[in-house]
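In what follows, a single structure is set out as structure tokens and then discussed.
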Amino acid sequence: MFLRRLASAAAIALAVGSMTAVQNSDPASADAQTTQSDSAEVRASAQEETTTVRYGPYTLPAAGSGDSEDGHGGHGQESGIALNAEKPCEDCFITGFAPNLTYADGTDANVDEGAMMHHFVLFDSTEDDAVCPGSQRIFSSGNERVASDFPDGYGLEVGAGERWYLNYDLMNMAPEEQTVYIEIEFSHTAAGADAGITPLTPLWLDVGGCFGSEYDAPEGASEESRYWRSDLSGDLVHMRGHLHHAGHSIWTDNISEHSRLCRIEAEEGGSPEFVDLNGHGQISDMPPCSGDLGRVERGDLLRTTARYEIEGHSHDDVMGIMTGWLAED
Ligand SMILES: [Cu+2]
């Protein structure tokens with residue numbers, strides 16, 4: 001099963017944000033092309049613009065090739081870490097992002113053609129993560145490619161000297177090799193005193209903990225939880241989730257306040273692109289929570305729970321991750 005085959009180095013870096021795993025990097029993958037949108041695409045406010053950054057190319061080995069870990073009939077996999085990942089802007093606030101996996105001509109590469117964006121994570125190596133030791137985990141997505149738009153007036157600040165790196169894990173279920181790109185459309189606005197943007201701190205709330213995002217889910221319905229005691233205070237304004245195939249839902253509660261901050265249900269096979277070559281529906285939507293999600297006070301205990309409903313057999317190496325964005329006081 002492809003669900004089992006995450007490269008361990010990539011998985012550790014995903015959880016810990018550790019720069020120690022960068023030996024895995026593929027220098028060719030650090031190349032990225034940036035296309036600045038023309039003025040016709042500028043939307044929302046006068047200052048907001050969109051920039052699409054293309055990471056890659058990544059060549060995915062054919063399914064069943066010798067590159068798969070079990071060596072027979074597995075999915076082709078391409079994973080690693082790209083250093084010096086392109087940023088869409090500097091001295092700016094990122095106010096939203098829309099991830100995708102594409103072919104060279106810009107069309108969608110999805111599981112109906114065998115290509116799966118198992119996940120990617122962008123790190124800022126110049127900031128510490130708020131939850132776990134290591135670099136700050138700033139943007140991520142699984143194959144569902146859900147777009148996030150932060151509420152008006154909020155954004156993630158990108159400094160001029162900031163250095164990003166990209167952890168990617170891509171898979172191929174097709175019998176032939178294919179070449180794909182990770183494409184992220186960022187909306188952003190210039191920083192500065194008149195920007196009127198409140199900076200956000202990303203929170204990575206991972207059922208797997210800090211030292212590995214993966215865990216094994218049994219057959220049937222199961223729930224797995226993890227607690228985090230906040231050492232930050234602020235307003236939570238956006239949350240998005242990540243689950244693997246057969247993931248049902250994920251939610252985060254503020255136990256100290258007896259309140260629910262966000263609950264997200266996964267949809268599978270919602271459109272033909274998300275039905276794979278074996279006829280299985282893969283996760284196609286996990287709508288984010290956005291707006292006034294609640295207060296988090298220093299000392300509050302947050303609990304994140306992932307629910308899986310799996311028919312017929314257990315799944316190894318699943319994930320349950322909620323990422324949140326906090327406007328600190
Ligand atoms: Cu994952």
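Table for the structure above
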quantity	calculated
Matching residues, the stretch 208-234, being aliphatic (A, V, I, L, M) and within 16 Å of the ligand (Cβ to nearest atom)	Ala217
Residue satisfying all of: in the stretch 289-329; buried (at least 19 other Cβ atoms within 10 Å of the Cβ) and assigned to a loop (DSSP other than H, G, I, E, B); nearest to the ligand (Cβ to nearest atom) among these	Met319
Any hit, the stretch 222-234, residues being at pLDDT 95 or above, crowded, with 19+ Cβ neighbours inside 10 Å, among the aliphatic types (A, V, I, L, M) and over 30 Å from Gly64 (Cα atoms)	no
Count of the stretch 174-201 residues which are away from the ligand (no atom under 16 Å from the Cβ) and within 30 Å of Glu113 (Cα to Cα)	13
Counted residues, the stretch 151-200 - those being buried (at least 17 other Cβ atoms within 10 Å of the Cβ) and farther than 25 Å from Leu277 by Cβ	21
Inter-residue pairs, beta-carbon under 9 Å, first at positive phi and in the stretch 230-251, second part of a loop (DSSP other than H, G, I, E, B) and within 16 Å of the ligand (Cβ to nearest atom), 6+ apart	Ala246/Ala266
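The values are calculated or read from the model by the stated rules, or taken from the named source; none is laboratory data. All of these numbers come straight from a predicted model, not from anything done at the bench. For neighbour counting, all protein chains shown are included, and Cβ atoms are generated from backbone atoms with ideal geometry for every residue, glycine included.
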